[in-house]
Amino acid sequence: HVTQLSLSPTVVFEYPTIHRLAEHLATVKQEKHIVSRQAAFEPVAIIGMAGKFPGGANDPEKLWELLIKGTDPVTAIPVERWQMPDGNKAFAAGSFVDHPELFDAGFFGISPKEAAALDPQQRMLLETAFLAFQDAGYPLPAIQHTDTGVFLGLSHSDYMRAHICSDDMEAIDPYSLTGTITSTAAG
């Protein structure tokens with residue numbers, strides 16, 4: 001309360017001696033002062049972008065090219081994505097992101113079983129967040145413990161229904177819930 005700093009409840013475990021805690025508090029107070037002075041003069045800046053879009057536009061530049069050319073990314077529904085009931089023509093086409101199955105789970109430290117339960121939107125979120133930082137020229141370790149924000153929009157997905165509500169009880173595992181609820185994506 002005296003320092004006017006917001007501290008983590010774990011700070012006493014991370015800095016278990018009075019000396020180490022005092023050094024940490026002095027460093028945090030100094031960094032907060034520097035950052036607050038800089039923040040007063042710095043506007044919000046978008047420094048990196050990434051995206052996966054239909055029509056093979058797997059980055060913002062390719063999306064722009066697609067828009068300038070007036071390319072229509074609507075195609076027939078890929079057979080591997082969705083099997084239509086016989087005779088049902090209600091949904092014959094749509095716009096689809098290329099190759100969602102190419103997600104590199106190992107790169108993100110995710111087991112194959114967990115990756116199979118992970119909603120494709122969340123897989124793409126991991127990939128595009130990484131690519132946005134790469135686009136900005138920031139390696140991920142450099143932004144840890146900084147005032148960096150990642151903003152996203154995530155919509156409801158039928159993946160949960162297809163995964164959890166299927167009749168295949170073998171497909172449901174401990175990752176079924178965490179891989180399909182949207183609130184975990186922000187973490």
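Can you name the residue in region 153-162 that is surrounded by 12 or more Cβ atoms within 10 Å (Cβ to Cβ) and in a loop (DSSP other than H, G, I, E, B) and is also modelled with the lowest pLDDT among such residues? Restricting to residues being surrounded by 12 or more Cβ atoms within 10 Å (Cβ to Cβ) and in a loop (DSSP other than H, G, I, E, B), the top hit is S157. Is it true that some residue in region 57-72 is open to solvent by 60 Å² or more (accessible area, probe 1.4 Å) and modelled with pLDDT under 75? No, region 57-72 has no match at all. Taking every residue in region 104-116 that is in a loop (DSSP other than H, G, I, E, B) and pairing it with any residue that is acidic (D, E) and surrounded by 16 or more Cβ atoms within 10 Å (Cβ to Cβ), at least 6 positions away or on another chain, the pairs with Cβ-Cβ distances below 9 Å are D104/E127. For region 124-140, a residue qualifies if it is of a type outside the set (D, E), open to solvent by 40 Å² or more (accessible area, probe 1.4 Å) and in a helix (DSSP H, G or I), and the qualifying residues are M124, L126, F130, L131, Q134, L140.
The values are calculated or read from the model by the stated rules, or taken from the named source; none is laboratory data. Because the structure is predicted, anything quoted here is derived from the model rather than measured. Cβ atoms come from the backbone with ideal geometry, glycine included; neighbour counts cover every protein chain shown. Side chains included, ligands, DNA and RNA excluded: accessible areas come from the protein's heavy atoms. Shrake-Rupley method; radii C 1.70, N 1.55, O 1.52, S 1.80 Å.
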